[in-house]
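A short write-up of the structure that comes next.
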Amino acid sequence: MRTVTPAVRAGRAGAGAAMAAAMLFGGASAATAETQVEAPQADAAPSLIAPAVAPAVGIPAAEAATEEAEPALAPVAGTISIEVGPTEEEIAAAEAAERAAAERAAAEREAEQQDEQSTETRQDEGSSRSTERSSRDDDQDDSSQESSSASSSSSEESQQEKAAPAPAAGKGSSILATARSGVGTPYVYGGTSTSGWDCSGFVQWVYGQHGINLPRGAAGQAAAGTVIPRSQAQPGDLVYKPGHIGIYAGGNQFVDAGNSRVDTSERNIYSGSWTFIRVG
């Protein structure tokens, strides 16, 4: 079967129109010929058919071209596909959010480290302060004990008897030897024996071993003798400052019952306003 195209349909339509026009004009010519006497004028009808054929063929051809052109656009429009990705503003916003999250995480880590360091620092400072307080408390204990000894000596001085005569100068070395025999005895506030003594209790015990009765307090013991220059001091003499007393050992040394940290020991005469005293 032959396919009928728009052009063929247009041609057939034009031919049909031409035939209709020929019949129309042919009928009109026949009627006119019947009324006329001359027969040759009847042949004029065919000359009118030719002009009517050309205009009828051109119009369907233009419509066919339009019909053929329109379907060609449909497939092209259907195949177009456009994908739209993220804009630059969206990309920048996402990057800014990531940076902000990273900065917050870093800040949190830094805050945690600072808290840990701060805790360690407070612990170290607390330990240092505790050590310092302990050291100050020891010093204050020594000072309070020495002050108490001095006040006790002052009260006893009013009730004490006159001190025994001073020993001869040759006894100085023996007094020092007795003092050294007490090295290592514990310091006990208010004590007067080898089981434990304080500074004036120690001096009283040492001199008592040589028959010399000294007052109980450090101030009273210092008042029982005679002040001498340091250049004239001999082993066995007394070394005194308010609140504390010991026995001179020569050079820059003395034997004393200092405090609970050093107990009874032979050591350097530490800084202070010391007075050298000879009993007798």
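If the chain linking Ala107 and Ser173 were pulled fully straight, counting 0.36 nm for each residue of separation and taking away their Cα-Cα distance, it would gain 16.2 nm.
Calculated FRET efficiency, Gln209 to Ser271, Cβ-Cβ distance, R0 = 22 Å: about 0.15 to the nearest 0.05. Amide H to amide H distances under 5 Å link Ile228 with Phe276, Ile277, Arg278, where only residues 5 or more positions off or on other chains count and H is placed in the peptide plane.
Kirkwood analysis of region 172-280, using all unique Cα-Cα pairs, places the hydrodynamic radius at 13.3 Å.
Computed extension gain for Thr5 through Val183, at 0.36 nm per residue and net of the alpha carbon distance, reaches 50.0 nm. When the inverse distances between all different Cα atoms of region 218-280 are averaged and flipped, the Kirkwood radius reads 11.7 angstrom. Computed from the C-beta positions of Gln232 and Arg261, the FRET efficiency with R₀ = 30 Å rounds to 0.40.
We did not get these values from a lab; they are worked out from the coordinates using the rules stated. This one's a predicted model, so the numbers in the text were calculated from it and none came from an experiment. Counting neighbours? That spans all protein chains shown, and the Cβs are built from the backbone with ideal geometry, glycine included.
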